[in-house]
Structures are given as C-alpha cells and as structure tokens.
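Engineer: Before I ask anything, here is the structure I am working with.
The values are calculated or read from the model by the stated rules, or taken from the named source; none is laboratory data. Just so it is clear, the structure is predicted and the values come from calculations on it, not from any experiment. Don't worry about glycine lacking a Cβ; one is built from the backbone with ideal geometry, like all the others, and counts go over all protein chains shown. Heavy atoms of the whole protein, side chains included, go into the accessibility calculation; ligands, DNA and RNA do not. Shrake-Rupley method; radii C 1.70, N 1.55, O 1.52, S 1.80 Å.
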Amino acid sequence: METLTNTWKIVNRGKEPATLWLHQPKNTAYQLSKPEKPLKEVDNDYRFEAPLKPGETLDFVVEQKRDVFDKVQLANSSEEQIRFYLAQRYYPPEPRRL
C-alpha cells in the first residue's frame, strides 16, 4: 500500500467562527481514504470544509492510498536469479516461501 498524505495547519486568528474551504488536488491513481469523502469534487480537486472556532488551530489531514503490485516472472530464470529475487527485502514473506 502506498499513501500520499498532506497535513494542513489551519488557524482562525479571528474573534468569530470561520469556515475554510480547502481544495486538495485529486490524484486519479489513488483513492481518498481520509477523510472518507469530500464535501464535493470540483474539476480535479477535492473540496473539504473545515469549520473553526475563534482562536482554534486545526491539523487537517488528507490521505490518498493505492495498492502497489509487483510481478516477477521466474519461469525461465536460473536458480541464482530466483535466489536474488527472494533475498530482496521489499517482497513480503508470503511469496518468498518455497
């Protein structure tokens, strides 16, 4: 799983409540995971609403995730090449069990 994370520090320095509308670029290769859904989608952006009380500071986090797959074909590989692939740390333990 690969995650893109943006954290926005939002500060209301005023004496009245305020609402901020935040536009976050949408990456079509990823799915929005946090918050679960935007207020709305505008062009290629997500629009989020962040209400703030007077003097409030908010860390607004937007996460987009995608599954990452890697395919290695070993059918015509030598034993040395197979051992090389199995020794790589970025492969999870499941495919390394033979």
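Engineer: What nm value, rounded to one decimal, do you get for the distance between Leu74 and Arg47 when each label is placed 7 Å out toward the C-beta?
Structural biologist: Output for this residue pair reads 5.2 nm.
Engineer: Suppose the chain between Arg83 and Thr3 were pulled fully straight at 0.36 nm per residue; how much longer would it get relative to their current alpha carbon spacing?
Structural biologist: 25.8 nm
Engineer: So what does Phe60 come to for accessible area, using a 1.4 Å probe and Å² rounded to 10?
Structural biologist: Here the accessible area works out near 30 Å².
Engineer: Moving to a separate point now. Where the accessible area of the chain is counted over protein heavy atoms with a 1.4 Å probe, how much of it, in %, is carbon and sulfur?
Structural biologist: 48 percent
Engineer: Oh, and also: With log10 I(q)/I(0) by the Debye sum over Cα atoms at q = 0.11, 0.14 Å⁻¹ as the read-out, I listed (i) -0.58, -0.77; (ii) -0.50, -0.69; (iii) -0.54, -0.68; which label goes with the value calculated from this structure?
Structural biologist: Step by step, log10 I(q)/I(0) by the Debye sum over Cα atoms at q = 0.11, 0.14 Å⁻¹ for this structure corresponds to label (iii).
Engineer: So if R0 is 41 Å, what FRET efficiency would Asp67 and Glu16 give, r being the distance between their Cβ atoms, rounded to the nearest 0.05?
Structural biologist: My answer for the efficiency is 0.40.
Engineer: Taking only DSSP H segments of four or more residues, each worth -39500 (n - 2.57), what value at 222 nm results for the chain once the sum is divided by all its residues, to the nearest 500 deg cm²/dmol?
Structural biologist: Value at 222 nm, helices only: -3000 deg cm²/dmol.
Engineer: For the chain, calculate the relative contact order in percent as a whole number, restricting contacts to Cα pairs under 8 Å that are 6 or more residues apart.
Structural biologist: Relative contact order comes out at 37 percent.
Engineer: Before I look further, what does the chain give for accessible area per residue, probe 1.4 Å, in whole square angstrom?
Structural biologist: 82 Å²
Engineer: So, counting K/R as plus one and D/E as minus one, what does the shell of residues with Cβ under 12 Å around Arg47 add up to?
Structural biologist: -1
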